[in-house]
Amino acid sequence: MAKKKGRVFSGARPTGKQHLGNYLGAIKNYVALQDEYEALYCIVDIHALTTIETTQELRQNTYDMALDWLAAGLRPEESIIFVQSHVPQVTELHTYLSMVTQLGKLTDLPTFKEKIRENPKNVNYGLVGYPVLMTADIVLYKAGIVPVGVDQAPHLEFAREIVRSFNYRFNTKVLIEPQMKATTVPKVLGIDGQKKMGKSLDNHIEMAATPEATQKRVLQMVTDPNRKRLSDPGNPDICNVFSLHKIFSSPEEVEEINTECRRAGIGCVDCKKRFAANLNKSLEPFRAKRAEIGQKPDHVWEILHEGANRARKLAEETMVEVREAIQLP
Ligand code: SF4
């Protein structure tokens with residue numbers, strides 16, 4: 001196996017079955033990064049506890065997400081795929097890092113303010129400490145690289161600040177300041193054509209859906225809002241269906257639709273049907289693999305437990321150094 005360039009870490013909340021936004025925004029990149037880096041991909045269930053109302057679906061969502069990751073091409077024989085809470089060292093490190101993080105900085109963060117706007121009835125302690133736990137997630141495994149979109153850059157900069165505070169406070173170099181690997185993530189809009197695709201807004205297209213359900217969802221997509229009749233020329237530049245055609249259809253078909261739409265030579269329903277067909281075709285291998293892996297649910301959990309075993313080993317190595325640096329008795 002070729003020597004890898006370094007270690008990457010990325011985490012995502014257990015949101016269950018994944019949608020196109022998850023795939024294009026994260027999973028596709030996860031799959032590609034495995035070739036170059038030693039990768040740790042974590043389902044961050046503890047983070048999820050800060051906002052979810054019930055934990056009833058936590059296990060199922062974790063399973064569904066892991067299944068989708070595996071079906072999409074994550075390779076457990078190389079990458080470490082695991083659940084955050086299966087590595088308890090992360091909560092220990094979170095506690096130590098919280099001692100070197102100023103409360104005022106945490107409460108000033110725009111993300112914290114946004115969270116309390118979204119959850120005014122549940123402003124819990126975990127919400128404030130979220131960036132500290134996120135930092136613990138990364139540095140526990142000495143991951144030097146974190147793939148993030150540019151909008152996430154301030155979070156990583158804050159993590160680097162916490163690491164510097166810890167190293168300075170305890171006069172050590174134990175923790176590594178993670179570097180950002182800027183990813184060019186397309187902004188995937190939901191079927192409303194307005195907001196980012198997401199389950200909470202119910203504007204998503206699920207990867208594991210049947211071809212029929214996928215087509216039904218695609219047919220609900222909002223197109224160029226100025227195009228009222230078939231005879232009106234459309235503008236693909238402001239049409240979400242066209243944006244996705246560019247990802248899932250051939251360059252020739254994209255070019256044809258671009259031309260035909262502008263001269264009212266194709267209707268939106270036909271255009272969407274063609275997109276749905278191309279999308280379903282692209283997702284065929286994923287869906288087949290998902291069905292195959294899904295026949296043995298225990299195997300998915302075994303993969304997650306084996307991933308946690310490997311992650312715990314790395315974590316404990318770091319924690320031995322951390323405890324030593326703090327001079328815990
Ligand atoms: Fe969008 Fe296609 Fe309709 Fe043009 S024809 S507005 S690209 S859905």
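Some points to look at:
- Annotation: residue 202 fulfils all but one of (1) within 14 Å of the ligand (Cβ to nearest atom); (2) of a type in the set (Asp, Glu); (3) closer than 27 Å to residue 148 by Cα; the unmet one is (1).
- Scanning region 108-130 for residues that are assigned to a helix (DSSP H, G or I) and free of Cβ contacts under 8 Å to residues at least 60 places away in the same chain returns 108, 110, 111, 112, 113, 114, 116, 117, 125, 128, 129.
- Region 205-219: number of residues that are surrounded by fewer than 17 Cβ atoms within 10 Å (Cβ to Cβ) and within 12 Å of the ligand (Cβ to nearest atom): 1
- Yes/no for residue 194 being surrounded by fewer than 20 Cβ atoms within 10 Å (Cβ to Cβ), within 16 Å of the ligand (Cβ to nearest atom) and within 20 Å of residue 17 (Cα to Cα): no
- For first residues located in region 250-274 and more than 8 Å from the ligand (Cβ to nearest atom), partners that are assigned to a helix (DSSP H, G or I) and among the β-branched types (Val, Ile, Thr) and lie 6+ apart or on another chain with Cβ distances below 8 Å form the pairs 265/259; 273/218; 274/257.
- Residues of region 162-199 classified as of a type outside the set (Lys, Arg) and under 20 Å from residue 246 (Cβ atoms), total: 12
- Taken as a whole, the condition of being surrounded by 19 or more Cβ atoms within 10 Å (Cβ to Cβ) and at pLDDT below 90 does not apply to residue 121.
The values are calculated or read from the model by the stated rules, or taken from the named source; none is laboratory data. Fair warning: this is a prediction, and the values are worked out from it, not measured in the lab. Cβ atoms come from the backbone with ideal geometry, glycine included; neighbour counts cover every protein chain shown.
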